[in-house]
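The values are calculated or read from the model by the stated rules, or taken from the named source; none is laboratory data. No experiment lies behind these values; they were computed from the predicted model shown. Methodologically, a virtual Cβ is constructed for each residue, glycine included, from the backbone with ideal geometry; neighbour enumeration extends over all protein chains shown. Remember, those area values only see protein heavy atoms, side chains included, never the ligands or the DNA or RNA. Shrake-Rupley method; radii C 1.70, N 1.55, O 1.52, S 1.80 Å.
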Amino acid sequence: MNYISKISKGIYEELGYNFLKSSFGRDPFEWIHNKRLRGLYWDLFLSNRMPSAVEFEMNSYCNRRCSYCPNHFTQPKTEHFDFNLYKDLINELSTLNYHGEITPNFYGEPLLDKRIYDFIAYAREKLPHAFIIVNTNADYLGIKEFQRLMEAGVSHFDIAQHDSEPSENILNLKEFLKENTEYQGKVIIRNMTKEIRTLSSRGGLISDKRVKYAEKRGCFRSRRVTLTYNGDMIMCCEDYHRSFIFGNIKQDGLMNIWKKSLKLRREIFLGHYAIPICRKCAGFEAS
């Protein structure tokens, strides 16, 4: 089975996964309900894979206090991901020819950290096949910043519009994209104020009629790595309070911790929510 798994993984990784994900916008197997099939999918294709994404908290502070974000209730301190630790992280991924997602993402606004251009450029230099995503509220994303980040190596912008009407920066960017078609398809703007917008409960911290809890059949976020500013690998981006920590990459490196975490991640992938943060995110327990 080990040999078959390796062959299956290689074929899937090189041919199937990238094509399917680019076609559907997300892994199409996410909709499989049957736990046996999901277990088989993990064992054949995912058990030896690297993380599908590496999210890191480059900057912890956000200028917004949206009602559907835990930052609404707290005043987070400004902390920063150490650039030398970041280079160690990217260098480790480079030795593995990593081509998943890289994103400076947790609950801070990444464009408040002026180092972002250096972070993006270093990742692009070392990981030429990675898909680099910037999640932003666009409050600090002028056209000049947008072009500079694209030149540094950003693959895609995921912009959250937090007001009922687009901000000036978002309006300017929309006009720019109309005139510069080569950037179209590299930006998505999500209006977070819409009634139909689905929201996460953020580990049970958010109460909103639009909240959709994690799927009972299992969570695909278990395939993603989330790192806090100090190098801790937490369960996922929903764990605002860092309640579950697998380890710290300063001491053990990314892949050592990742491999040790796979058994638990498989259980969560199959909907066996054994830890409190996952049970809250799935609506099984109150915060």
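Just to be sure I understand: of the beta bridges DSSP finds with both ends in the chain, what percent are antiparallel, rounded to 5? Taking every DSSP beta bridge with both residues in the chain, the antiparallel ones total about 25 percent. Quick one: what do you get for segment 211-258 if you divide its Cα Rg by 2.2 N^0.38 Å? Dividing the Cα radius of gyration by 2.2 N^0.38 Å gives 1.23. Normalised by the number of residues in segment 139-277, what is the relative contact order in percent for Cα pairs under 8 Å and 6+ residues apart? For segment 139-277, the relative contact order is 18 percent.
Potential lengthening of the chain between Glu30 and Glu175 amounts to 48.7 nm, from the contour at 0.36 nm per residue minus the alpha-carbon distance. Packing here is the average count of other Cβ atoms within 10 Å per residue, and on that basis the peptides 222-234, 179-191, highest first, run 222-234, 179-191. Relative contact order of segment 101-174, please, whole-number percent, based on alpha carbon pairs below 8 angstrom and at least 6 residues apart. The normalised contact order for segment 101-174 reaches 35 percent. Does segment 71-184 come out rounded, prolate or oblate, given a ≥ b ≥ c as the square roots of the eigenvalues of its C-alpha gyration tensor, rounded meaning a/c under 1.5 and, failing that, prolate meaning a/b above b/c? Judged from the Cα gyration tensor, segment 71-184 comes out oblate (a/c at least 1.5, b/c at or above a/b). As a length-normalised measure over Cα pairs under 8 Å and 6 or more apart, the relative contact order of the chain settles at 18 percent. In terms of its C-alpha gyration tensor, segment 126-218 comes out oblate, because a/c is 1.5 or above while a/b does not outweigh b/c. Estimated at 0.36 nm per residue, the fully extended path between Ser155 and Ser94 surpasses their Cα-Cα distance by 20.2 nm. For Rg and Dmax of the Cα atoms in Å, the value computed from the atomic coordinates appears in the list (1) 24.5, 71; (2) 18.8, 56; (3) 17.5, 52 under label (2). Subtracting the Cα-Cα distance of Gln147 and Gln75 from 0.36 nm times their residue separation leaves 22.8 nm of extension gain.
Averaged per residue, the chain has 50 square angstrom of accessible surface, using a 1.4 angstrom probe with ligands and nucleic acids left out.
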